[in-house]
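Inspection log for the structure reproduced underneath, given as structure tokens.
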Amino acid sequence: MIADYFLICTGNNDRQIQAIVDEILEQEEKAQVPISRVEGKNGAKWVLIDLGEVIVHVFSSSERSFYNLEKLWSDASNLDLSDWITE
């Protein structure tokens, strides 16, 4: 199965990347969303979280620029998530 959505974000440093990843994992566990796989968590340059229908990519700035997934998926439509975000 291929994911329906990719979420791509950037952390400014290793600590921020880890914090983003930890928060995603914590919130998904609370929501009882199965976490299929987490890759790269110890390296903190590019962490991939497989949530089934959603794949989350958390990059360092340099890794995001190098891999440029947005270009790879440039024909895919963007989704405005602003209504989903709460603080």
Go through the range 1-52 residue by residue and tally those that are more than 22 Å from Asp80 (Cβ to Cβ), in a helix (DSSP H, G or I) and either touching a residue at least 40 places away in the same chain (Cβ under 8 Å) or open to solvent by less than 50 Å² (accessible area, probe 1.4 Å) (or both). 5
On the given criteria, is Trp73 out of contact with any strand residue (DSSP E or B) (no Cβ under 6 Å at 6 or more places or on another chain), loosely packed, with under 10 Cβ neighbours inside 10 Å and within 18 Å of Asp4 (Cα to Cα)? no
Taking the range 53-70 and keeping only residues that are β-branched (Val, Ile, Thr) and either open to solvent by 30 Å² or more (accessible area, probe 1.4 Å) or outside any strand (DSSP E or B) (or both), one is left with Val54
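The values are calculated or read from the model by the stated rules, or taken from the named source; none is laboratory data. Since we're looking at a predicted model, the values are computed, not measured. All Cβ positions, glycine included, derive from the backbone under ideal geometry; neighbour counts span all protein chains shown. Heavy atoms of the whole protein, side chains included, go into the accessibility calculation; ligands, DNA and RNA do not. Shrake-Rupley method; radii C 1.70, N 1.55, O 1.52, S 1.80 Å.
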